[in-house]
Every structure is written in structure tokens, then in C-alpha cells.
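Structure record follows, encoded as C-alpha cells.
The values are calculated or read from the model by the stated rules, or taken from the named source; none is laboratory data. Given the structure is predicted, the values throughout are model-derived calculations rather than measurements. Backbone-built Cβ (ideal geometry, glycine too); neighbour counts: all protein chains shown.
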């Protein structure tokens, strides 16, 4: 049965993973870094310390500008 479920899952959702990183630009200093889309903690900018992402219990709330997604 698990083989049939796996085939159905791949047919509906494909092989793409749900988890990914996005490149975010800080609105304060312009520095860029990658942020995990399901971040469980606050993500500070490495340059100025401004918050780039906040956890929400699911996908993180991105506070900077997304430069490159998936």
C-alpha cells in the first residue's frame, strides 16, 4: 500500500521539497544573506543586527526584501 501512496503523493506534489532558503536584503544596511523559510528563531542581519525574519509557528515572517527565492 505504501508504494501506491508514494506514487499518488509524487503525482500530486512532485518531488520538490517544502523546505528552502531565500536570499534576503536588509532594508537598513543593504546587506544580503540566506534565511531558512521555516526559521524557528529571530534571524538578525550579520552586518547591522536588524531583524530579517521572525518565527510565526510555520513559515517565518520575512521583514527584509526577498532578492532570490527558489
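Inside the range 38-60, residues that are free of Cβ contacts under 8 Å to residues at least 24 places away in the same chain and either under 9 Å from the mean Cα position of the chain (by Cα) or outside any strand (DSSP E or B) (or both) make up a count of 15. The combined condition, being surrounded by 11 or more Cβ atoms within 10 Å (Cβ to Cβ), touching a strand residue (DSSP E or B) at 6+ places or on another chain (Cβ under 9 Å), touching a residue at least 40 places away in the same chain (Cβ under 8 Å) and not in a loop (DSSP other than H, G, I, E, B), is fulfilled by residue 24.
What are the residues in the range 11-21 that are at pLDDT 75 or above and outside any strand (DSSP E or B), if any? If you could, list the steps in order and put the result at the bottom.
Within the range 11-21, the first condition is being at pLDDT 75 or above, and the residues that meet it are 11-12, 20-21.
Across the range 11-21, the qualifying residues are 11, 12, 20.
For the range 62-69, the condition holds for at least one residue, the condition being that it is part of a loop (DSSP other than H, G, I, E, B), in contact with a strand residue (DSSP E or B) (Cβ under 7 Å, 6 or more places away or on another chain) and at pLDDT 80 or above.
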